[in-house]
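The numbers here are math on the coordinates, done by the rules we state, and not lab data. Just so it is clear, the structure is predicted and the values come from calculations on it, not from any experiment. So basically every Cβ, Gly included, is an ideal-geometry build from the backbone, and we count neighbours across all protein chains shown.
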Amino acid sequence: MSQINDPAVIERLIRTPATWAVVGLSTNARRAAFRVAAYLQSIGQTIVPVHPKAEPVHGATGYATLADVPGEIAVVDVFVNADLAGAVVDEAIARGARAVWLQLGVIDHAAAQRALDAGLDVVMDRCPAIEGPRILRS
């Protein structure tokens, strides 16, 4: 049974190329989501911006909601306020994502447990741009 922040899960998510829906990603270059999405692309991940404005970011087509994203989503990377994270996790579960990654400071234990109970891998209060370099240099 998977647990929150399982090191093997974190490593697999970083190392395995997949589609990451980055919820909260906009064209605002001052936001962490903008930099983290660029990092994800640099290590071979496919990003899908999900933001109400549905703007293209880093050359990727944007969508207003997770439900609007075509095709398979492996990881839903959550860059929204912790108060809103539960709804995003529930959408990720409904959408059939395989994992949710709640960014630094995005903590919702109840939502994380719902995702685990639904069979998703869960990473919480971590950043792939911090975890990735540590994993990829080993």
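Structural remarks
- Listed by Cβ neighbour count within 10 Å, with the fewest neighbours leading, His58, His51, His109 appear as His109, His58, His51.
- Ile93, Ile47 arranged by Cβ crowding within 10 Å, fewest neighbours leading: Ile93, Ile47
- Dipole moment magnitude, nearest 20 debye, the chain about Cα centre, only Lys, Arg, Asp, Glu C-beta charged: 500 debye
- Simple spin-label estimate for Ala87 and Ile130 in nanometres, 7 Å along Cα-Cβ: 2.7 nm
- Across the chain, the mean sequence separation of Cα contacts (distance under 8 Å, 6 or more residues apart), normalised by length, yields a relative contact order of 26 percent.
- Here Leu25, Leu104, Leu66 are placed in order of increasing Cβ neighbour count within 10 Å, fewest first, which gives Leu104, Leu66, Leu25.
- Once divided by 2.2 N^0.38 Å, the Cα radius of gyration of segment 32-84 becomes 1.09.
- The separation of segment 95-137 from segment 12-48, counted between C-alpha centres, amounts to 13 Å.
- Computed over the chain, the ratio Rg/Rh where both radii use C-alpha atoms and Rh is Kirkwood: 0.92
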